[in-house]
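Notes for the one structure printed next.
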Amino acid sequence: MLSWALVFFVLAIVAAALGFGGIAGASAGIAQILFFIFLALMVLSFAARALRGRPPV
C-alpha cells in the first residue's frame, strides 16, 4: 500500500509540474489517504505483535 501512495505522490508531482492543478490535487489527496491508512495498519500491526508477546524481528 505504501507503494501505491508513492505512485500517486509521483503522479501528483508530475501533474503539478505540467500545470494540471485538478489532477495534481486529486493525486496528492489519494497519496495522503493511502499513506495514513498504511501508517494506521503499521501501528496496529506493531500493537498486535506487542500484545502477543512476540519480539520484533
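Mind ordering 8-15, 39-46 by average Cβ neighbours within 10 Å, highest first?
Per-residue mean Cβ counts within 10 Å order the peptides as 8-15, 39-46.
Compute the length gained on full extension between ILE33 and VAL7: take 0.36 nm times their separation in residues and subtract their Cα-Cα distance, giving the result in nm to one decimal.
This chain segment gains 8.1 nm when fully extended.
Distance in nm between label sites at PHE46 and ALA16, each 7 Å beyond Cα in the beta-carbon direction?
Inter-label distance under the simple model: 2.7 nm.
Pairs of alpha-carbon atoms within less than 8 angstrom and 6+ residues apart define the contacts here; what relative contact order does the chain have, in percent?
35
We did not get these values from a lab; they are worked out from the coordinates using the rules stated. Given the structure is predicted, the values throughout are model-derived calculations rather than measurements. Counting neighbours? That spans all protein chains shown, and the Cβs are built from the backbone with ideal geometry, glycine included.
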